[in-house]
């Protein structure tokens, strides 16, 4: 290890950043987090850290990682954060550190082009000229390089596939994009991946990623749900049809084997379609017809595994290519059979869900999801062989209770050697954000709620002159609000679904006074700095959808245990974490100011509302909106304002509470004339001990 690296410390690197990076300031929360992560790495412990918005957790994790001298994997949930690491944070550190850092990005194998598979496919049928031009020009073979998404059926035939790989016998092995990415990953000091790839490597006992000693999991709140999906199994009518088409085309099995599967599948999925009372429903009893399809699939699988394809002349590896395709088909069948066996004999450890979607055709799919994925995470990630220490970070991990991390720790199976800490945001939320909690709206589950909420939403949008996210927990409420409000507002409005998500975000950032109506897609992973986003309106507490079969099964399991509470241990922590994500869209820098409105009166009328608010940033609370003539809102949004005559905090909340009249002495910068309602002070409403 170079002497310069040995001599460096975390604090010295932060000093280098301050010296060489324009506009960077050393922040105590960031250095505190970096030191805590460094202690975890040195002691071999697991660190769980909630780092509030603005802490700069990526630098806080990368600096001790680079100084450790060990192989490090960084895993994120979103492409946006991967790009931030690869294109922003890591290049900055590479520029200022006096030693070389080898960094690589590795994606799942299916993201890379398989040159041999493409050539074989191109020989059989015509391919779009634009796609061919990309193939001839690409250096990395990464599908994300394309400006359009190729049809799934084409990419499925030409991407890199482990079951259809000749490895070093492949004529294109030396130019294989996937293996070149693997070689870069092997040489890297730090490797950036996503949660899906991390879990795939864990499930394969480390056959995908190179051996590493330190693990940083950013956006850690996503990993439990991704693990549930990663370890699920599924079988669908579309999947069976594609399997039969590939088998007939690639391996030519006896027609009666294909016909038997087709007939058994047709009967099963017709029966499932007739029983589908809703788009998603839980299956509790054995499914009639699953045994017959299992038997026919196993017969086809046996033929694929035993067939030698001796009739094929082994010219240009033709026989071996067919054998590989047969192996891939047999592997696909294995997954279908495992799901069908659970449909035949349901297990209490698995949740069976029937999903029906109808677009150009009806798709019927049965998904078998693990009831509890925490043991997979614990066994395969936390306690992975060779792993010395892992750090789990997010802006939203803590919930209410004596141990704010209990919910998250239970979800990942962490029970020993844990270092945990909440690192506060450096932002001054008390002077940067107002939290509006209405006191006169009906309950959110009544038909009167939305009609009465819409005028308040319109009033807030007028107060902030647009520049707002209006976020809903249901698509029905989203469409209703957009259809009624958009034609009346004097600002440009867009609704989720009108264009791709990234284009919508770009539209919002570049359109003055824009208003974006959205659902869960915009609750997180979106960062809009400055006064372009000055208002975030949330219609209700985002409790998990009660008809989700996995959630339903987990609630049932807890209800059967007298020592556990499904509401306090599952529903409430989940909703708290989600709400924190939505609220976090507003204040992204120390110069941002604005209004957060949560229109759900359960926050002030239910006992658990206080618990939720205690977990939110410490914003000032108002209970009545200023009128159009009031200068309060516009003055509040003035970046140069200062508060005077502040009241003491309302003790029932984690946030400080202020009536609008106590803010009326703010220096005005607005175009509108002020006047304030006299009843703005927060109403001391009782908190009830009932649950919804």
Practice problem: Output the number of the condition that residue 104 fails; it satisfies all remaining conditions of (1) part of a helix (DSSP H, G or I); (2) within 22 Å of residue 226 (Cβ to Cβ); (3) in contact with a strand residue (DSSP E or B) (Cβ under 9 Å, 6 or more places away or on another chain). | Solution: (1)
Quiz item: Can you tell me which residues in segment 370-400 are out of contact with any helix residue (DSSP H, G or I) (no Cβ under 9 Å at 6 or more places or on another chain) and within 12 Å of residue 411 (Cα to Cα)?
Solution: 375
Quiz item: Could you say which residue among 364, 333 is under 29 Å from residue 549 (Cβ atoms), in the same structural domain as residue 285 (by TED's automatic domain parsing) and not in a helix (DSSP H, G or I)?
Solution: 364
Exercise. Count, please, the residues in segment 251-264 that happen to be under 16 Å from residue 326 (Cα atoms) and either surrounded by fewer than 18 Cβ atoms within 10 Å (Cβ to Cβ) or not assigned by TED's automatic domain parsing to the domain that holds residue 305 (or both).
Key: 3
Quiz item: Is it fair to say residue 490 is surrounded by fewer than 19 Cβ atoms within 10 Å (Cβ to Cβ) and part of a loop (DSSP other than H, G, I, E, B)?
Solution: yes
Practice problem: Please state which one of 575, 571 is free of Cβ contacts under 8 Å to residues at least 40 places away in the same chain, in a helix (DSSP H, G or I) and over 24 Å from residue 453 (Cα atoms). | Solution: 571
Practice problem: Check 591, 564, 554 and return the single one that is surrounded by fewer than 22 Cβ atoms within 10 Å (Cβ to Cβ), outside any loop (DSSP other than H, G, I, E, B) and touching a helix residue (DSSP H, G or I) at 6+ places or on another chain (Cβ under 8 Å). | Solution: 554
Quiz prompt | Flag for residue 575 being more than 22 Å from residue 429 (Cβ to Cβ), surrounded by fewer than 23 Cβ atoms within 10 Å (Cβ to Cβ) and either in contact with a helix residue (DSSP H, G or I) (Cβ under 9 Å, 6 or more places away or on another chain) or modelled with pLDDT of 95 or more (or both) | solution = no
Quiz item: Is there a residue being closer than 28 Å to residue 158 by Cβ, touching a strand residue (DSSP E or B) at 6+ places or on another chain (Cβ under 9 Å) and not assigned by TED's automatic domain parsing to the domain that holds residue 158 anywhere in segment 313-322?
Solution: no
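Conditions tested, residue by residue: (1) surrounded by fewer than 23 Cβ atoms within 10 Å (Cβ to Cβ); (2) in the same structural domain as residue 212 (by TED's automatic domain parsing); (3) outside any strand (DSSP E or B); (4) at positive phi.
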| position | (1), (2), (3), (4) |
| --- | --- |
| 12 | yes, yes, yes, no |
| 25 | yes, yes, yes, no |
| 31 | yes, yes, yes, no |
| 42 | yes, yes, yes, no |
| 50 | no, yes, no, no |
| 64 | no, yes, yes, no |
| 81 | yes, yes, yes, no |
| 86 | yes, yes, yes, no |
Exercise. Check 445, 513 and return the single one that is touching a residue at least 24 places away in the same chain (Cβ under 8 Å), closer than 25 Å to residue 547 by Cβ, outside the structural domain of residue 83 (by TED's automatic domain parsing) and out of contact with any helix residue (DSSP H, G or I) (no Cβ under 8 Å at 6 or more places or on another chain).
Key: 445
Quiz item: Got a number for residues in segment 503-532 being at pLDDT below 90, closer than 20 Å to residue 475 by Cβ and not in a loop (DSSP other than H, G, I, E, B)?
Solution: 4
Quiz item: So which residues in segment 230-248 are touching a helix residue (DSSP H, G or I) at 6+ places or on another chain (Cβ under 9 Å) and assigned to a helix (DSSP H, G or I), if there are any at all?
Solution: 230, 237, 239, 240, 241, 242, 243, 244, 246, 247, 248
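One line per residue, one yes/no per condition, for (1) touching a strand residue (DSSP E or B) at 6+ places or on another chain (Cβ under 6 Å); (2) part of a helix (DSSP H, G or I); (3) modelled with pLDDT under 95:
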| position | (1), (2), (3) |
| --- | --- |
| 269 | yes, yes, no |
| 274 | no, yes, yes |
| 281 | yes, no, yes |
| 286 | no, no, no |
| 291 | no, yes, no |
| 310 | no, no, yes |
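The values are calculated or read from the model by the stated rules, or taken from the named source; none is laboratory data. Just so it is clear, the model here is predicted, and its values are computed rather than measured. FYI the Cβ positions are ideal-geometry reconstructions off the backbone, even for glycines, and counts take in every protein chain you see.
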